[in-house]
Amino acid sequence: MTRPAPPTGHRPRASLRALLALATAASAALLALSACQAQPKASAPPPGSISDDRALGDIMVRFKPPAVDLSEDAGKLLAEIKGPIRYVVKRPMSGGVWLVTAISPSADASLDQAVDTLRATPRIETAEPDRLLKPSRSIPTSRDMPAR
């Protein structure tokens, strides 16, 4: 017995499935290759970036009128201050006070120098270091304030 010849233009189903699997694998390989190439290469930060600087500490700053309501405006005012110390706005606080971080690449720079520089700036009303304060004496004990 002989088999009849398949009609012209007809492919067996097995080869069609193999072709579909091959096309899927090829597209997955291309997708993986493009994802590998799209990732940026790790490189050194640019000179003068914040990673080159060391934080001196936080300072509470209040600006003279007109009021400064946006962090971008506070950042622009602080960016105008010249010197080895830069100031970065951290967040607003109550009463129109801004918490600012002083940073510098110089190992000689100090928080006191940063505060003095801010106090000498005409647009700054007050500048105080944000330090942890502790009571200078013990809290008296009483009926309302028992000893700990």
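Bear in mind that the values in this text are calculations on the coordinates, not laboratory data. Every value quoted in this text rests on a predicted model; they were computed, and no experiment measured them. Every residue, glycine among them, receives a Cβ derived from its backbone with ideal geometry; neighbour counts consider all protein chains shown.
Things to note:
- Estimated FRET transfer efficiency (L99, A67; beta-carbon r; R0 22 Å; 0.05): 0.85
- Measure of compaction for the range 66-121 (Cα Rg per 2.2 N^0.38 Å): 1.13
- Simple point charges give the picture: +1 on the Cβ of Lys and Arg, -1 on the Cβ of Asp and Glu, and for the range 50-129 a dipole about the Cα centre of about 140 debye.
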